[in-house]
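Trainee: One structure is given below, represented as structure tokens, and several questions about it will come after.
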Amino acid sequence: MAPSQWVVRPVDASVAQALQGAGAPPLLARVLAARGAQVEDLQEPSLRDLLPFTALKGIDQAATLLADAIGAVRIIIGDDHDFFSGATACAVGLRALRAMGGQVDYLVPNRLTMGYGLTPEVVQLAHLKQAALLVTVDNGIASVAGVAAANALGIPVIVTDHHLPGDVLPEAAAIVNPNQPGCPFPSKALAGVGVMFYVMLALRAELRRRGAWQDRPQPQLGSLLDLVALGTVADVVRLDRNNRLLVGAGLRRMTSGQALAGIAALYRIAGRDPARATSADLGFVLGPRLNAAGRMEEMTHGIECLTSDDPHATLRFAQRLDAFNRDRRDVEGTMQEAALENLDALEVGQRYTLSLYDPAWHPGVIGLLASRIKDRFHRPVVTFAAGTVADEIRGSGRSIAGFHLRDALDQITKRNPDLILRFGGHAAAAGLTLRTRDLARFDAAFEAVAREWLTPADLALQVEYDGAAISSEMTMPTAEALRAQVWGQGFPEPLFGGQFDVLQQRVVGERHLKLKLQHQDRAFDAILFGHSDPLPEHIQALFHLTINEWNGNRQLQMELRHWRV
């Protein structure tokens, strides 16, 4: 669907001028200024500029507990179903703890049978694995009952998480979460994998204080930064300066040939070269393959791929992950067709929200389906699949700007205490469980909250772009400079606008348009993905300036994202 309004991002002209004076090409200077960047963002990123781990509340207690456990007791890392950040955070913990002499294992509970986070059932699994210390990754801040169950068994719990806490915190031995009350850590956007990386930095410092590295080299935790980069980008957290430093450091490891074997295998199976790694690769090439394992089967395939150093083993795991991703795409496509058929019977334009259920839908893919429908109709969406308990359904929601989804579910629960059985999440995404018979009640309650919090203007999709492109600025060096930056959530890849004459067009790959476009005094190659119908002779378009690479050739290319007559 064409966006309803295109809006140019405002630019601080003085900042843009300062960036250009510091060496940025004019187009890049304008783009960075529009995102609040400063001159220091042009400098070679240094990990010395990272926020210190000492600013994280609870990290000293976590480091002490882990240091006491190293070489003495069995540590179990409790992963969750949040595939991107959870898998990479688990891999960071496993690799770092093993390098520091820890006896460590992990478990990934079946989220369909054991629920979300650290549940009492998950604690029983850890107990069977003889856990003497339990560490959560990317979950646990809402696991009050699970931590209580662990305490009853005498298993202390370290919670590492980044999700928003509820009204009551679990009684864990230590909690490290930048979003917990009273935590002064400035970057509230730190991903779960980033939290775990910081905890490992603190542990290494604590072991150093105890004299652990006097007779041997200390572990080089920088070797884990490609995992941190992957989890941070793929988890779609806001790329503030601290996160951009982490992602940039990880990308430099990949492009310099230092990628971990599992990362290199994922690139290979995707037909990409890690020497040309970009942040977009992490979100749209590697991330979905890692994600598919948890959605279609179980996340252990992804974790094993990321923790093995055997190139042959990691390639086998990567091939399996790629197969899962192909299956996921097929399932998602079928589900999306069914969902859109249901929407044909609805007056979508009159609704503020959409709540959809089909007992045939795969529970591991409903979140992706919700995201696709949200993007199409620009409404908060919750899609439901059958639960593992009779007469229960599990939902996954995605939201738009200005509508905090977790807060909305909390508001519904306060008004209807018996309606939602369980829920959790954050502003943009959340999960919940209902009784099947209560779907209509939920639909009405969800719609009521949205009508209170949103206006019709909020439902009109706006696309921000970086102004009109001048053909003389659209050069290979400019494209290289844009490509070298770290783009992602909260720091979006530049989108430019222009008017074009369509000189040539042909369908490639059955569903994409390969184009030759005239812009001002030049002709440019362009691609429009997912669209095979011919374009009119004259169009307005918003596009990314990219570099098309094939068989060793590199060519400037526009990637069209939106167009209109």
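Trainee: Within segment 427-444, work out how many residues are touching a Leu at 6+ places or on another chain (Cβ under 8 Å) and either crowded, with 17+ Cβ neighbours inside 10 Å or farther than 27 Å from residue 360 by Cα (or both). Give the derivation first.
Mentor: If we filter segment 427-444 for residues that are touching a Leu at 6+ places or on another chain (Cβ under 8 Å), which is where we start, we get 427-430, 432-435, 438, 441-442.
Going one step further and asking which of them are either crowded, with 17+ Cβ neighbours inside 10 Å or farther than 27 Å from residue 360 by Cα (or both), we end up with 427-430, 432-435, 438, 442.
So the count comes out to 10.
Trainee: Those residues that are of a type in the set (A, V, I, L, M, F, W, C) and either touching a residue at least 40 places away in the same chain (Cβ under 8 Å) or on the phi > 0 side of the Ramachandran plot (or both), I need them from segment 402-426; list them, please. Explain how you work it out, then say what you get.
Mentor: First pass over segment 402-426, keeping only residues of a type in the set (A, V, I, L, M, F, W, C): 403, 405, 408-409, 412, 419-421, 423.
403, 408 - these are the residues of segment 402-426 that are of a type in the set (A, V, I, L, M, F, W, C) and either touching a residue at least 40 places away in the same chain (Cβ under 8 Å) or on the phi > 0 side of the Ramachandran plot (or both).
Trainee: Please verify whether residue 41 is charged (D, E, K, R), in contact (Cβ under 8 Å) with a residue 40 or more places away in the chain and in a helix (DSSP H, G or I), treating the condition exactly as stated. Before the answer, list the steps.
Mentor: Numbers: charged (D, E, K, R): yes; in contact (Cβ under 8 Å) with a residue 40 or more places away in the chain: yes; in a helix (DSSP H, G or I): yes.
Against the criterion (charged (D, E, K, R), in contact (Cβ under 8 Å) with a residue 40 or more places away in the chain and in a helix (DSSP H, G or I)), residue 41 qualifies.
Trainee: It is to be established whether one or more residues within segment 372-395 are outside any helix (DSSP H, G or I), β-branched (Val, Ile, Thr) and either touching a His at 6+ places or on another chain (Cβ under 9 Å) or at pLDDT below 80 (or both).
Mentor: Residues of segment 372-395 that are outside any helix (DSSP H, G or I), as a first pass: 378-395.
If we keep only those that are β-branched (Val, Ile, Thr) too, we end up with 381-383, 388-389, 393.
Okay, now just the ones that are also either touching a His at 6+ places or on another chain (Cβ under 9 Å) or at pLDDT below 80 (or both), so 388.
Yes: segment 372-395 contains one or more residues that are outside any helix (DSSP H, G or I), β-branched (Val, Ile, Thr) and either touching a His at 6+ places or on another chain (Cβ under 9 Å) or at pLDDT below 80 (or both).
Trainee: Here is a further query. Modelled with pLDDT of 95 or more, in contact with a Lys or Arg (Cβ under 8 Å, 6 or more places away or on another chain), part of a strand (DSSP E or B) and among the aliphatic types (A, V, I, L, M), is that true of residue 539?
Mentor: Numbers: modelled with pLDDT of 95 or more: yes; in contact with a Lys or Arg (Cβ under 8 Å, 6 or more places away or on another chain): yes; part of a strand (DSSP E or B): yes; among the aliphatic types (A, V, I, L, M): yes.
Spelling it out, residue 539 is indeed modelled with pLDDT of 95 or more, in contact with a Lys or Arg (Cβ under 8 Å, 6 or more places away or on another chain), part of a strand (DSSP E or B) and among the aliphatic types (A, V, I, L, M).
Trainee: Would you check if there is a residue in segment 548-558 being outside any strand (DSSP E or B), acidic (Asp, Glu) and out of contact with any Ser or Thr (no Cβ under 9 Å at 6 or more places or on another chain)? Talk me through it step by step, then tell me what you get.
Mentor: From segment 548-558, those outside any strand (DSSP E or B) are 551-552; that's our starting set.
From the residues that got through so far, the ones that are acidic (Asp, Glu) too are none.
No, segment 548-558 contains no residue that is outside any strand (DSSP E or B), acidic (Asp, Glu) and out of contact with any Ser or Thr (no Cβ under 9 Å at 6 or more places or on another chain).
Trainee: Here is a further query. Scan (1) in contact with a Leu (Cβ under 6 Å, 6 or more places away or on another chain); (2) surrounded by fewer than 24 Cβ atoms within 10 Å (Cβ to Cβ) for the single condition residue 119 breaks and write down its number.
Mentor: Every listed condition holds for residue 119 apart from (1).
Trainee: All but one of (1) crowded, with 23+ Cβ neighbours inside 10 Å; (2) not in a loop (DSSP other than H, G, I, E, B) hold for residue 223; state the number of the condition that does not hold.
Mentor: It is condition (1) that residue 223 fails.
Trainee: Looking at (1) polar (S, T, N, Q); (2) surrounded by fewer than 23 Cβ atoms within 10 Å (Cβ to Cβ); (3) touching a Phe, Trp or Tyr at 6+ places or on another chain (Cβ under 9 Å), can you tell me which one residue 388 breaks?
Mentor: Result: residue 388 fails condition (3) only.
Trainee: Here are 261, 212: which of them is small (Gly, Ala, Ser) and touching a Ser or Thr at 6+ places or on another chain (Cβ under 9 Å)?
Mentor: Numbers: 212 fails: touching a Ser or Thr at 6+ places or on another chain (Cβ under 9 Å).
So the residue among 261, 212 that is small (Gly, Ala, Ser) and touching a Ser or Thr at 6+ places or on another chain (Cβ under 9 Å) is 261.
Trainee: Let me ask you something else. Return a yes/no flag: does segment 428-451 have any residue that is part of a strand (DSSP E or B) and aromatic (Phe, Trp, Tyr). Working first, answer last.
Mentor: The first filter runs over segment 428-451 and keeps only residues part of a strand (DSSP E or B), leaving 429-435.
From the residues that got through so far, the ones that are aromatic (Phe, Trp, Tyr) too are none.
Checking segment 428-451: not a single residue is part of a strand (DSSP E or B) and aromatic (Phe, Trp, Tyr).
The values are calculated or read from the model by the stated rules, or taken from the named source; none is laboratory data. Just so you know, these numbers come straight off a predicted model, no measurement behind them. Neighbour counts are summed over all protein chains in view; Cβ atoms, including those assigned to glycine, are modelled from backbone coordinates with ideal geometry.
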